Amino acid sequence: MGQRKSGIRRNVLALSGGVGGAKLACGLARVLPPGALTTVANTGDDFEHFGLHISPDIDTLTYALAGFQNEQTGWGRSDETWSFMTALGELGGETWFKLGDRDLALHLERTRRLNSGQRLSQVTSDIARLLGVSSRILPMTDDRVRTQVVTEDGVLEFQRYFVEAQCLPKVSGFIFDGADQAHPHPDIVAAMKDPDLRAIVLCPSNPFISIGPMLAIAGLRSALASSEAPVIAVSPIIGGHAVKGPTAKMMKELGLQVDAAAVAAHYHGLIDGFVIDTVDASLANRIEVPVDVQPTIMRDQADREKLARAVIDFADRLTSTDKRA
């Protein structure tokens, strides 16, 4: 990374997928000054269903930062009802992807506004504001990027693999359709060049299907690699297991060691520091960048804030060390 500038900084840019990333984003939003956090959401998971534009990771972040998240599932709203899905099932419709009644209203409004010519970033910003989110949420791009999973059953659209097939088919690779033509949202690139940027955080999201689609956008990856702010990644693997989701399963099927060190290696050349859980402390000597060892399981808001403070403190220490170099 480049030579970092001195002075007090306040802003943090977080790159996030869904559930795990949203938890850390909630912690960062509480411990940082108002307006200091910008969260970049993966949109490779987006898809069209019943003619609606569904943005699962954007919605998970929005609901979490608004305080509406379903703590049991990690996705969807806490005050949800399911009359639409019940009626749809009675009519013989597809029910493999669950759309709650309140959630459906968001998808309808998003689709209406996109069809009127508005950009996804504009719609996302307005919805977040209307739901009371004080920090900023940016889609990784306003262009169309779709994650496809290469499996033993063929190439599957992401939601068909993740939800309908329940992540069961063996994975051999990923395609980020449209990423080679996509441009990162310009405010993401500007944020990475901001002299007031304190840190860039790669949240504990799946490195292949949550952070991977972002890194597949050349302009975003190059901006990340050249940023003067410290880039800190938090491992989604704890003790050889993923807290939630198919990360560990994917790593095994891709022939990778299922541990935090392998995740750090996956981010080679992009990160300045790596946060691992206390149970993985013995792996620190296998990781080529500075390591901070912390309890990383976020069971409640207190855990989220504690980890957020640790990540920011780690970034500050790396910045101070860089200044003395």
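Of note:
- Yes/no for G173 being loosely packed, with under 14 Cβ neighbours inside 10 Å, of a type outside the set (F, W, Y) and touching a helix residue (DSSP H, G or I) at 6+ places or on another chain (Cβ under 8 Å): no
- If you go through the stretch 113-137 and pick out every residue that is buried (at least 20 other Cβ atoms within 10 Å of the Cβ), hydrophobic (A, V, I, L, M, F, W, C) and outside any loop (DSSP other than H, G, I, E, B), you end up with 5.
For every residue, the table says whether it meets (1) of a type in the set (S, T, N, Q); (2) in contact (Cβ under 8 Å) with a residue 40 or more places away in the chain; (3) in contact with a Leu (Cβ under 9 Å, 6 or more places away or on another chain).
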site: V40; (1), (2), (3): no, yes, yes
site: D57; (1), (2), (3): no, yes, no
site: W82; (1), (2), (3): no, no, yes
site: E90; (1), (2), (3): no, no, no
site: W96; (1), (2), (3): no, yes, no
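- The single residue among L37, L65 that is modelled with pLDDT of 95 or more and under 24 Å from L318 (Cα atoms) turns out to be L37.
- Subset tally (residues that are more than 26 Å from F162 (Cβ to Cβ) and either in a helix (DSSP H, G or I) or aromatic (F, W, Y) (or both)) for the stretch 197-234: 5
- Some residue of the stretch 306-317 being within 21 Å of S227 (Cα to Cα) and of a type in the set (K, R): yes
- Residue in the stretch 11-27 that is of a type in the set (A, V, I, L, M), in contact (Cβ under 8 Å) with a residue 12 or more places away in the chain and either over 29 Å from T296 (Cα atoms) or touching a Gly at 6+ places or on another chain (Cβ under 6 Å) (or both) present: yes
- Residue in the stretch 71-78 that is assigned to a helix (DSSP H, G or I), crowded, with 18+ Cβ neighbours inside 10 Å and out of contact with any Ser or Thr (no Cβ under 7 Å at 6 or more places or on another chain) present: no
- Restricting the stretch 79-100 to residues that are surrounded by fewer than 15 Cβ atoms within 10 Å (Cβ to Cβ) and among the acidic types (D, E), the residue that is farthest from the chain's Cα centre (by Cα): E90
- Scanning the stretch 176-196 for residues that are touching a helix residue (DSSP H, G or I) at 6+ places or on another chain (Cβ under 7 Å) and in a loop (DSSP other than H, G, I, E, B) yields A179, H183, H185.
- Among (1) more than 22 Å from the chain's Cα centre (by Cα); (2) in a strand (DSSP E or B), the one test that E48 misses: (1)
- Subset of the stretch 295-305 (residues that are touching a strand residue (DSSP E or B) at 6+ places or on another chain (Cβ under 8 Å) and either buried (at least 19 other Cβ atoms within 10 Å of the Cβ) or of a type in the set (D, E, K, R) (or both)): T296
- Qualifying residues in the stretch 263-288 (those that are β-branched (V, I, T) and crowded, with 18+ Cβ neighbours inside 10 Å) - the one farthest from I237 (Cα to Cα): I271
- Search result, residues across the stretch 4-20 that are modelled with pLDDT of 95 or more and either of a type outside the set (S, T, Y) or out of contact with any Ser or Thr (no Cβ under 7 Å at 6 or more places or on another chain) (or both): N11, V12, L13, A14, L15
- Figure legend. Inter-residue proximity from the stretch 274-291: first residues more than 18 Å from R317 (Cβ to Cβ), second residues surrounded by 15 or more Cβ atoms within 10 Å (Cβ to Cβ) and of a type in the set (D, E, K, R), beta-carbon distance below 9 Å, spacing 6+ or different chains. Indicated pairs: D280/D259; L283/D259; R286/D259.
The values are calculated or read from the model by the stated rules, or taken from the named source; none is laboratory data. Because the structure is predicted, anything quoted here is derived from the model rather than measured. Because the Cβ atoms are built from the backbone with ideal geometry, glycine has one as well, and the counts that use them run over all protein chains shown.
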